[in-house]
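What follows is a single structure, written as structure tokens, with notes after it.
The values are calculated or read from the model by the stated rules, or taken from the named source; none is laboratory data. Only a predicted model underlies this, so the values are computations on that prediction, with no experimental measurement involved. Heads up, the Cβs are rebuilt from the backbone with ideal geometry, glycines too, and the neighbour counts pull from every protein chain shown.
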Amino acid sequence: MRDDLFNNDSDIADFRFDDTVVAVFDDMVRRSVPGYEAMIQMVGLLVRTYGQDNTNFYDLGTSTGAITLALALNNKSKNNKFIAVDNSQEMVKQCKENLISKIDNLAVICSDINDINIENASIVVLNLTLQFIEVEKRSALINRIYQGLNQGGILIVSEKIHFDNQQKQNSLTKLHMDFKRANGYSELEISKKRQSLENIMITESKDVHLERLKASGFKDSNCYFQCLNFVSFLSVK
Ligand SMILES: C[S@@+](CC[C@H](N)C(=O)[O-])C[C@H]1O[C@@H](n2cnc3c(N)ncnc32)[C@H](O)[C@@H]1O
């Protein structure tokens, strides 16, 4: 369904991943996140290289399940469990509907990702999710993921980032707005969504992400993908 959630005169409330967002999510994310399809395709490539037999694959903040599906469709290793987690009941319901008939050995869990156990993992993905976690809880989450990964396992983190250099920040923000305009969003929709996300989506710089990954124990982290102000990091344990 086409996303026109912000195309109205009603008051702006903090963004929530509720049933109105679930209904339009797939359209919204593709028209709002430059490079979204490529991010997913890259996760598919990485699972072929880094997936290990007899291990768990985690998709944290799964929404409608696109990452879990890419993991399953591209997986070359044996005896894996796919664990998709989201704290929105409506997202979990939709994710189950999308994936249950397509993936064996699937668990879709409704939980705060700060509360789940990560164990025997070879792949963990946080695709556009860390930015919604309270900043002061982010290091503890990445530490737990590091502890739950097997040697040679990977964490993939995709995020919207900001730049400390104001000129660069302004120019990439403008390009991102142009991207949204080109995908049919009006000035009203762009402005209302920005205000709605302001308090709940907190971006950080590339350096802050890389420093946190290093501090958690990852010796090898790289920003392997960037499209405007959206990036993906690969960290190998
Ligand atoms: C932008 S969406 C993620 C998109 C998805 N990973 C994809 O690639 O299509 C962010 C998701 O994270 C979930 N989320 C936010 N905070 C969470 C938390 N603390 N625990 C679990 N899920 C959370 C939201 O409900 C939402 O579905």
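A few notes on this one:
- Given (1) within 14 Å of the ligand (Cβ to nearest atom); (2) crowded, with 20+ Cβ neighbours inside 10 Å; (3) of a type in the set (S, T, N, Q); (4) more than 28 Å from residue 215 (Cα to Cα), number of the condition residue 89 does not satisfy: (2)
- If you check 101, 63, 77 for being among the hydroxyl-bearing types (Ser, Thr, Tyr), in contact with a Phe, Trp or Tyr (Cβ under 8 Å, 6 or more places away or on another chain) and at pLDDT 95 or above, only one passes: 63.
So that you can scan it fast, the table gives a plain yes or no per residue for (1) closer than 19 Å to residue 5 by Cα; (2) of a type in the set (A, V, I, L, M); (3) surrounded by fewer than 17 Cβ atoms within 10 Å (Cβ to Cβ):
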| position | (1), (2), (3) |
| --- | --- |
| 166 | no, no, yes |
| 170 | no, no, yes |
| 174 | no, no, yes |
| 186 | yes, no, yes |
| 209 | no, no, no |
| 216 | no, no, no |
| 231 | no, yes, no |
| 237 | no, no, no |
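- Per-region count, segment 35-62, residues of a type in the set (Phe, Trp, Tyr) and either away from the ligand (no atom under 12 Å from the Cβ) or in a loop (DSSP other than H, G, I, E, B) (or both): 2
- Within the span defined as segment 129-138, one or more residues are in contact with a Lys or Arg (Cβ under 9 Å, 6 or more places away or on another chain) and not basic (Lys, Arg).
- Here residue 221 qualifies as in contact with a helix residue (DSSP H, G or I) (Cβ under 9 Å, 6 or more places away or on another chain), surrounded by 13 or more Cβ atoms within 10 Å (Cβ to Cβ) and free of Cβ contacts under 8 Å to residues at least 60 places away in the same chain.
- Segments classed as helices (runs of 4 or more DSSP H), wholly inside segment 124-211, with at least 1 members that are more than 14 Å from the ligand (Cβ to nearest atom) and among the hydrophobic types (A, V, I, L, M, F, W, C): 166-182, 187-197
- Test: residue 13 is small (Gly, Ala, Ser), more than 9 Å from the ligand (Cβ to nearest atom) and not in a loop (DSSP other than H, G, I, E, B): no
Every residue, every condition in (1) assigned to a strand (DSSP E or B); (2) of a type in the set (Lys, Arg); (3) more than 14 Å from the ligand (Cβ to nearest atom), yes or no:
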{"position": "64", "(1), (2), (3)": "no, no, no"}
{"position": "73", "(1), (2), (3)": "no, no, yes"}
{"position": "77", "(1), (2), (3)": "no, no, yes"}
{"position": "93", "(1), (2), (3)": "no, yes, no"}
{"position": "104", "(1), (2), (3)": "no, no, yes"}
{"position": "109", "(1), (2), (3)": "yes, no, no"}
{"position": "116", "(1), (2), (3)": "no, no, no"}
{"position": "122", "(1), (2), (3)": "yes, no, yes"}
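- Residues of segment 212-227 satisfying the condition of being in a helix (DSSP H, G or I), over 19 Å from the mean Cα position of the chain (by Cα) and under 22 Å from residue 43 (Cα atoms): 214
- Of all residues making up segment 70-86, the number that are under 19 Å from residue 157 (Cβ atoms) and surrounded by fewer than 22 Cβ atoms within 10 Å (Cβ to Cβ): 1
- For segment 22-30, the criterion of a residue being within 13 Å of the ligand (Cβ to nearest atom), in a helix (DSSP H, G or I), under 30 Å from residue 189 (Cα atoms) and among the basic types (Lys, Arg) is satisfied by at least one position.
- Enumeration of residues in segment 136-154 that are surrounded by 13 or more Cβ atoms within 10 Å (Cβ to Cβ) and hydrophobic (A, V, I, L, M, F, W, C): 141, 142, 145, 149, 154
- Cβ-Cβ distances below 6 Å connect the following pairs, each with a first residue in segment 158-186 that is within 12 Å of residue 205 (Cα to Cα) and charged (D, E, K, R), a second residue that is away from the ligand (no atom under 16 Å from the Cβ) and not in a helix (DSSP H, G or I), and a separation of six or more residues or different chains: 164/205.
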